[in-house]
Amino acid sequence: MLKDCALKYYDPKNDLSCSETLLYAANEYYDLHLPPSMLKASSAFGAGMYYDEVCGACSSCVAVIGTLLSNGSAHKSDDMRSAVKEMMSRFHEELHDHYCGQLKERYQTEEKRCEKMIVTAADLLEDILHKYGRTSGRIDS
């Protein structure tokens with residue numbers, strides 16, 4: 001399961017943020033072979049883009065959806081658009097928010113840190129991608 005892979009990366013010894021955790025886990029789980037630059041780019045999504053905005057775990061899930069479901073242009077990617085909307089809607093429904101600051105107040109603990117958001121995002125991403133027929137596969141585009 002994707003969440004198990006995500007929890008492996010979220011181990012404190014790896015020192016990864018929520019956003020990095022989800023992208024690294026998805027890269028491994030879905031065999032994406034993402035370039036190091038894309039993995040590095042995910043670091044900027046952490047802590048709600050360092051502004052307590054959209055949760056970094058959720059943001060990285062959106063990046064994975066784009067990677068797997070984009071047809072090369074947002075305007076030509078109906079499945080991608082639908083999957084992103086579903087990801088955001090279900091994440092908000094499940095956790096009653098999608099803003100990092102609010103989520104941290106509700107769910108973050110010293111011991112578990114942002115594990116609740118990471119597990120929720122991973123479960124939703126896996127479910128949504130399965131719905132769109134993307135359960136694995138190398139991405140070469």
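The values are calculated or read from the model by the stated rules, or taken from the named source; none is laboratory data. Every value quoted in this text rests on a predicted model; they were computed, and no experiment measured them. Here Cβ is always computed from backbone atoms with ideal geometry, including for glycine, and neighbour counts include all displayed protein chains. The area values use the complete protein model at the heavy-atom level, side chains included, leaving out ligands, DNA and RNA. Shrake-Rupley method; radii C 1.70, N 1.55, O 1.52, S 1.80 Å.
Among 71-82, 36-47, 89-100, sorting by the average number of other beta carbon atoms lying within 10 angstrom of each residue, highest first, gives 89-100, 36-47, 71-82.
Evaluate the charge dipole of the stretch 11-105 about its Cα centre and quote only its size in Debye, nearest 20, assuming +1 on the Cβ of each Lys and Arg and -1 on the Cβ of each Asp and Glu.
On the way: 7 positive and 14 negative charges, 60 e Å.
Dipole size: approximately 280 debye.
For the stretch 38-125, the relative contact order works out to 31 percent when only alpha carbon pairs closer than 8 Å and six or more residues apart are counted.
What the Cβ-Cβ distance of residue 49 and residue 113 gives, at R0 = 22 Å and to the nearest 0.05, is a FRET efficiency of 0.80. Helix 56-69 and the longest principal axis of the Cα set of the chain meet at an angle near 10°. Computing Cα Rg over 2.2 N^0.38 Å directly from the structure and comparing it against (1) 0.97; (2) 1.59; (3) 1.06 singles out (1). Calculated accessible area for the chain comes out at 54 Å² per residue, all protein chains present (probe 1.4 Å; ligands, DNA, RNA ignored). Here the extension length gained between residue 7 and residue 105 equals 33.2 nm, from 0.36 nm per residue of separation less the Cα-Cα distance.
Note on the stretch 5-65: with neighbouring protein chains present and a 1.4 Å probe, carbon and sulfur make up 59 percent of its accessible heavy-atom surface. With a threshold of 28 Å on the Cα-Cα distance, the over-threshold entries among 8/40; 13/131; 76/112 are 13/131; 76/112.
Between 23, 61, 35, whose Cα lies farthest towards the positive end of the dipole of the chain when Lys and Arg beta carbons carry +1 and Asp and Glu beta carbons carry -1, centred on the Cα centre? About the Cα centre, the residue reaching furthest to the positive side is 35.
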